[in-house]
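The values are calculated or read from the model by the stated rules, or taken from the named source; none is laboratory data. This is a predicted model, so every value here is computed, not measured. Glycine also receives a Cβ, built like all others from the backbone with ideal geometry; neighbour counts cover every protein chain displayed. The area values use the complete protein model at the heavy-atom level, side chains included, leaving out ligands, DNA and RNA. Shrake-Rupley method; radii C 1.70, N 1.55, O 1.52, S 1.80 Å.
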Amino acid sequence: MAAYAEGLNILHHANVGNNQCEIDAETTPLRNPEYYQYDFNLADVAEVWRQGSVIASKLIGFDSDRSN
């Protein structure tokens, strides 16, 4: 489950090139922000991943049942 969460988090932040961030001493500006402008529909991605294998789909289905 942690791997799914990590993957969805990476995809969620894949559009960092579209966002204007404050530049400070701790943040390096993107060299080529045009390469980081992805906009994924995470619900569709999660559905594809859920159908990827029997074991994984059971785990995701179990987790989504608990959240309702």
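Picking from residues in the stretch 30-39 that are open to solvent by less than 80 Å² (accessible area, probe 1.4 Å) and assigned to a loop (DSSP other than H, G, I, E, B), the one that is modelled with the highest pLDDT is N32.
A count restricted to the stretch 12-26 and to residues that are touching a residue at least 24 places away in the same chain (Cβ under 8 Å) and either assigned to a loop (DSSP other than H, G, I, E, B) or over 12 Å from the mean Cα position of the chain (by Cα) (or both) stands at 2.
Note on the stretch 27-50: residues that are free of Cβ contacts under 8 Å to residues at least 24 places away in the same chain and of a type outside the set (S, T, Y) total 13. Check off (1) modelled with pLDDT of 85 or more; (2) part of a loop (DSSP other than H, G, I, E, B) for A5 and give me the number that stays unchecked. A5 satisfies all of (1) modelled with pLDDT of 85 or more; (2) part of a loop (DSSP other than H, G, I, E, B) except (2).
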